[in-house]
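Please read the structure below before turning to the comments.
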Amino acid sequence: MAEARHWLPAAAAALLLAVWGAAGVEVRNWGRDIVTNPAQFVTVRSADDIVEVVRDGESYPAPVRALGSRHSNTKVIMADGGTVVNMRKMNAILGHDESKLTVTVEAGALYIDVSEYLQKHGLMHYVNTEFGSITSGAAAVAHTKDAAFVGEHGQISSYVVGVKIVTADGERLHKSRAVHDAM
Ligand SMILES: Cc1cc2nc3c(=O)[nH]c(=O)nc-3n(C[C@H](O)[C@H](O)[C@H](O)COP(=O)(O)OP(=O)(O)OC[C@H]3O[C@@H](n4cnc5c(N)ncnc54)[C@H](O)[C@@H]3O)c2cc1C
């Protein structure tokens, strides 16, 4: 959003913002049994966009909740009167490291797309979920688990080795398991 405002004429920027951000939207989960009515539903395309959202509490009121593919069946997406941040357009697969056996993706990248990327390189996720439409970001922070190898608990978040985070006050943090014991 910030980038668009820099180079677009005001009218075009306003049109684009109208597409990216919508007020008074009803958001339902995949099962359609959990519903929330945020004041704002905003689609972000970069970390800069997320920083802009969390720093502008007037336009994007709290609570602010990230949204992946809406597959959760608990009330974790509830943001009545607040802001839902749709992560699905931040879906780039940024690359992998053959020696470290890691892959780096944006939070909105679907698990199946990352799996297909890895397959092209003769690799695979260590934990493979029964369905691919969850986002990597949700899988990394939630308790999502599935079949894995014998003796494995199969929780996807156990295999996250680094994250870039935007905090509630807009600070950017980079945490890596190699440096931060708490991960
Ligand atoms: C048919 C079906 C089958 C399922 N099977 C299983 C199963 O076998 N095993 C299992 O563990 N789960 C299962 N689930 C649950 C689902 O896999 C998890 O809830 C998963 O985390 C949902 O991913 P999502 O992208 O849809 O996230 P959402 O439902 O959109 O969000 C999940 C949570 O993650 C947070 N979040 C999303 N993106 C981000 C981000 N970028 N940064 C920070 N927080 C974020 C959200 O705020 C929310 O709290 C199933 C769900 C369905 C509908």
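Throughout, read-outs are computed from the coordinates displayed, never taken from laboratory work. Just so we're clear, the structure is a prediction, and the values are computed from it rather than from any experiment. Cβ placement follows ideal geometry from the backbone for every residue including glycine, while neighbour counts extend to all protein chains displayed.
Would you mind ranking Phe41, Phe131 by Cβ crowding within 10 Å, fewest neighbours first? If you can, show how the numbers build up before the last one.
On the way: Phe41 21, Phe131 10.
Exposure proxy ranking, most exposed first: Phe131, Phe41.
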Taking only C-alpha pairs under 8 Å that are 6+ residues apart, what is the relative contact order of the stretch 33-159 in percent? 20
Dimensions in Å of the stretch 93-176 - Rg and Dmax from alpha carbons: 13.1, 42
Quick one: Ser69, Ser133, Ser176, fewest Cβ neighbours within 10 Å first, how do they rank? Ser176, Ser133, Ser69
Determine ³J(HN,Hα), in whole Hz, for all residues of the stretch 37-42 in sequence, where each value follows from phi through the Karplus function 6.51 cos²θ - 1.76 cosθ + 1.60 and θ = phi - 60°; x replaces Gly and Pro. 10, x, 6, 9, 10, 10
Among Glu130, Glu106, which comes first, second and so on when ranked by fewest other beta-carbon atoms within 10 Å? Glu130, Glu106
